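Here the structure is laid out as structure tokens; the discussion comes afterwards.
The values are calculated or read from the model by the stated rules, or taken from the named source; none is laboratory data. Just so we're clear, the structure is a prediction, and the values are computed from it rather than from any experiment. We place every Cβ from the backbone using ideal geometry, glycine too, and count neighbours over all the protein chains shown. Just the protein is used for accessible areas: all its heavy atoms, side chains included, with ligands, DNA and RNA removed. Shrake-Rupley method; radii C 1.70, N 1.55, O 1.52, S 1.80 Å.
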Amino acid sequence: MKKRIVVCGGMNSVYETVFSCLLANFPIEIALIKDDLFDQATFDQLASAADLQTHVDLISGDASLLKTADLLILTDIMPQQEKQSKADYVAAALPHFRALIGTAMSQGFAGKLCLLQTYDDIFTYLAWKFSGLPKANIFGLGTFTDTLILERLLQKRLRVGRHDVRAYVVGN
């Protein structure tokens, strides 16, 4: 059975994420939620590309798709404006981000949550707080690299081997 991945966010970043998944051609079903950020023309372009792949299905629908999702990928909701501070960007994106998390949880989402966003270290922490999901189910690239750095610093400081320290960074 194919794993279901739901991708949400601004359509430009959703396009890039879905296109990357299409290139991998893993046996997956990619679902896009028809919300206020959804663009039918962009979806149609992606659907045409998906038709060329043998293992990928691309569908769209309402938020009920989240109930059976194995992975929810949240991309940038909006592009960061030139000279916009980190705090201003997070404040501007936060209402829609919180609404996406609320929708996912109200639909019974219980899978993994991946954040592919600007400042995903902050949004990873907020997703953990807003969703109630276990922290092991929520990850983002920013916290992954922070986790690796923390582990290496602890290993060096404690003078232990690579496999002797496990750490997880949730936000920073």
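Scan (1) over 26 Å from residue 65 (Cβ atoms); (2) open to solvent by less than 30 Å² (accessible area, probe 1.4 Å); (3) not in a helix (DSSP H, G or I) for the single condition residue 163 breaks and write down its number.
The failed condition is (2).
List pairs: first in segment 101-114 and on the phi > 0 side of the Ramachandran plot, second open to solvent by 60 Å² or more (accessible area, probe 1.4 Å), Cβ under 7 Å, 6+ apart or cross-chain?
From segment 101-114, the pairs are 108/67.
Only one of these is touching a residue at least 24 places away in the same chain (Cβ under 8 Å), more than 15 Å from the chain's Cα centre (by Cα), in a loop (DSSP other than H, G, I, E, B) and over 17 Å from residue 126 (Cα atoms): 53, 45. Name it.
None of the others qualify; the one that does is 53.
Exactly one condition in (1) in contact with a strand residue (DSSP E or B) (Cβ under 6 Å, 6 or more places away or on another chain); (2) open to solvent by 50 Å² or more (accessible area, probe 1.4 Å) is not met by residue 88; state its number.
It is condition (1) that residue 88 fails.
Can you tell me which residue in segment 123-141 is nearest to residue 108 (Cα to Cα), limited to those that are in a helix (DSSP H, G or I) and touching a strand residue (DSSP E or B) at 6+ places or on another chain (Cβ under 8 Å)?
131
Just name the residue that is most open to solvent (accessible area, probe 1.4 Å) out of those in segment 93-122 that are assigned to a helix (DSSP H, G or I) and charged (D, E, K, R).
98
If residue 52 satisfies all but one of (1) over 26 Å from residue 136 (Cα atoms); (2) open to solvent by 70 Å² or more (accessible area, probe 1.4 Å); (3) at pLDDT 95 or above, what's the number of the condition it fails?
Single failed check for residue 52: (3).
Just give me the residues in segment 8-26 being assigned to a helix (DSSP H, G or I), more than 20 Å from residue 93 (Cβ to Cβ) and aromatic (Phe, Trp, Tyr), in sequence order.
If the condition is that a residue be assigned to a helix (DSSP H, G or I), more than 20 Å from residue 93 (Cβ to Cβ) and aromatic (Phe, Trp, Tyr), then 19 is the only one that fits.
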